[in-house]
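The next block holds one structure in the form of structure tokens; read it before the comments.
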Amino acid sequence: MKALHDQYAFGLFASYVVSGVIAFNFFQRGYMWLTPYDDEADITAGKVAPAIMLCGAKLGFVIPLLAASFVGATFLDYLAWAAISALVQAVWFYISFWVWKSEKTDPYNVPIALSKAVSAVCVGLIQAFSMIP
């Protein structure tokens, strides 16, 4: 009977990991599509600011997924939280773009990028800790 439990646990683990990685990749592509600059080209060219902002958004997306799995969300809840987390990060991107107006004229400003990245992580942390009873 224990072997069945272990197989079941491994199946859940595998489904959460695979779906999490797929959701992460969809989020990353969607976020890069959302930005008004070419993240992939800029990062490949060695521009630091877009990489910093993308890293902050990725962390802000993943942290709520960690919380969802920690609080024992069902698999469908986990997927729903992935969608909600992506939406929250997209909304926060536009809010932060509006707050730091100079970003519109200089998307390669490292201090602004760092501020935006940290704020994206903070939004993800707020979202994640809102799930924990």
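Does P64 count as of a type outside the set (A, V, I, L, M) and open to solvent by 80 Å² or more (accessible area, probe 1.4 Å)?
So P64 fails the test.
Report, ordered by the first and then the second residue, all pairs with beta carbons closer than 7 Å, sequence separation of six or more or different chains, a first member in the range 39-51 that is at positive phi, and a second member that is among the basic types (K, R) and at pLDDT 90 or above.
none
Between residues in the range 68-88 that are without any contact (Cβ under 8 Å) to a residue 40 or more places away in the chain and among the charged types (D, E, K, R) and residues that are open to solvent by less than 70 Å² (accessible area, probe 1.4 Å) and in a helix (DSSP H, G or I), which pairs lie under 7 Å by C-beta distance while being six or more apart or on different chains?
D77/A68
Can you pull out the residues in the range 69-96 that are among the small types (G, A, S) and at pLDDT 90 or above?
Listed by number, the residues that qualify are A80, A82, A83, S85, A86, A90.
Within the range 31-54, is even one residue within 11 Å of the chain's Cα centre (by Cα) and open to solvent by 40 Å² or more (accessible area, probe 1.4 Å)?
No.
Would you check which residues across the range 72-90 are surrounded by 13 or more Cβ atoms within 10 Å (Cβ to Cβ) and hydroxyl-bearing (S, T, Y) and list them?
Y78, S85
Contact list please: Cβ distance under 6 Å, first residue in the range 13-33 and closer than 16 Å to M53 by Cα, second residue surrounded by 16 or more Cβ atoms within 10 Å (Cβ to Cβ) and at pLDDT below 95, pairs at least six apart or on different chains.
M32/D39
Among what's in the range 97-114 and is assigned to a helix (DSSP H, G or I) and open to solvent by less than 50 Å² (accessible area, probe 1.4 Å), pick the residue that is modelled with the lowest pLDDT.
E103
Which residue is nearest to S15 (Cα to Cα), if the candidates are limited to the range 55-77 and must be over 14 Å from the mean Cα position of the chain (by Cα) and among the aromatic types (F, W, Y)?
Top of the filtered list is F75.
Quick check on my filter: what residues within the range 11-30 are small (G, A, S) and either within 17 Å of L65 (Cα to Cα) or surrounded by 12 or more Cβ atoms within 10 Å (Cβ to Cβ) (or both)?
Matches in the range 11-30: A14, S15, S19, G20, A23, G30.
The values are calculated or read from the model by the stated rules, or taken from the named source; none is laboratory data. Please read all numbers here as calculations on a predicted model, not as lab measurements. Don't worry about glycine lacking a Cβ; one is built from the backbone with ideal geometry, like all the others, and counts go over all protein chains shown. Each accessible area value is taken on the protein alone, full model and side chains, heavy atoms only, with ligands, DNA and RNA left out. Shrake-Rupley method; radii C 1.70, N 1.55, O 1.52, S 1.80 Å.
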